[in-house]
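Chemist: Quick one: the structure is below, and I'll ask about it shortly.
What follows is calculated from the coordinates using simple rules that are stated; it is not laboratory data. The structure presented is a predicted model; accordingly, all values stated were derived computationally and were not measured. Cβ coordinates were reconstructed from backbone atoms using ideal geometry, including for glycine residues, and neighbour counts include every protein chain displayed.
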Amino acid sequence: MRLVFAGTPAVAVPTLEALVEAGHEIAAVVTRPDAPIGRKRVLTPSPVATAAERLGLDVIRAARLDDEATAHISALRPDLGVIVAYGGLVREPLLSAPEHGWINLHFSLLPAWRGAAPVQRSVMAGDQVTGASVFQLVPALDAGDVFATIETPIGTGETAGELLDRLAELGAPLTVDVVARIAAGTAVAVPQEGQPTLAPKLDGLAGRIQWDRSGIDVWSQIRGVTPEPGAYTVIDDARLKVHAAALAPEHTLDPPAPGTVVQVDGLVLVGTGDTPLQLLQVQPAGRTTMSAADWWRGAANGAERLVTA
């Protein structure tokens, strides 16, 4: 088929590569414009732009799919549009420009977690199972009929970033299979069933740890916001990023109060609403990532600490 592919982050690259490997003609790749990255704010192509150029594909850089982008894409006369985490909405008349419209690879089992942050929200909610869905794009948010899904358990301790990378690999062949069935005229999409849940984009405040919640809920929050926007707490009015944590092993000692940081048997523990959490990797303000034990030796000097905000 003659396709237009739209995507921006690294998790969209496996699907683009799989479509090329399957022999489909990629008329163009649409991605967000180059963005400043790092402390020096170096203007950097998106991962999809980099992959497209490596594959010898034409790239359309567009911050949004406006009239100019619509005219450019429509002139290519694609049979189908494929979108994976582009970062913008496809509206009419572009939605109907390809003969078969657009399909979207979404990283949830729809109608669960419609929106921009399905994987993060799923992990934060403590879900045990998630997956990916390929559906027909419609004007309503992630509401189109579903062609195919794949289901996978969420690993114990798996972060949102790790899970998203895994779903990207699982979703690529799923999308290729749907494209093949659309080309053959055998694809069947079914309406979504069940109560939708929403997954709006996370802001920085979503990473602020609320230690009075249960240990499993706090752990789910930390994993869900890792690596972005990142989990953090405030101790002595200084931000401490929490890159990795785990539920603490059982101890005979009484658990510390919520937000109290102590060291027990060499482990750095923080009290929650019930089971303490063990800090594994942290990053103090202005410092590099370090083990929690190293941070404790330098910052606490053996005394318990209290979260101050």
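Chemist: Mind counting the residues in segment 40-75 that are closer than 12 Å to L16 by Cα and of a type in the set (S, T, N, Q)?
Modeler: So the answer is 1.
Chemist: Separate question: With the requirement that a residue be over 19 Å from I222 (Cα atoms) and without any contact (Cβ under 8 Å) to a residue 40 or more places away in the chain, what does segment 103-131 give you? Steps first, answer last, please.
Modeler: Kept after step one, since they are over 19 Å from I222 (Cα atoms), are these residues of segment 103-131: 103-112, 114-115, 131.
Matches in segment 103-131: H106, G131.
Chemist: May I pose another question? Report yes if some residue within segment 282-291 is within 24 Å of T130 (Cβ to Cβ), within 23 Å of the chain's Cα centre (by Cα) and in a loop (DSSP other than H, G, I, E, B); otherwise report no.
Modeler: Going residue by residue through segment 282-291, those that are within 24 Å of T130 (Cβ to Cβ) are none.
No, segment 282-291 contains no residue that is within 24 Å of T130 (Cβ to Cβ), within 23 Å of the chain's Cα centre (by Cα) and in a loop (DSSP other than H, G, I, E, B).
Chemist: Given the criterion free of Cβ contacts under 8 Å to residues at least 60 places away in the same chain, in a helix (DSSP H, G or I), out of contact with any Pro (no Cβ under 6 Å at 6 or more places or on another chain) and within 21 Å of D165 (Cβ to Cβ), identify the matching residue among V29, V11, V48. Lay out the reasoning, then the answer.
Modeler: Working: V29 fails: in a helix (DSSP H, G or I); V11 fails: free of Cβ contacts under 8 Å to residues at least 60 places away in the same chain.
The match here is V48.
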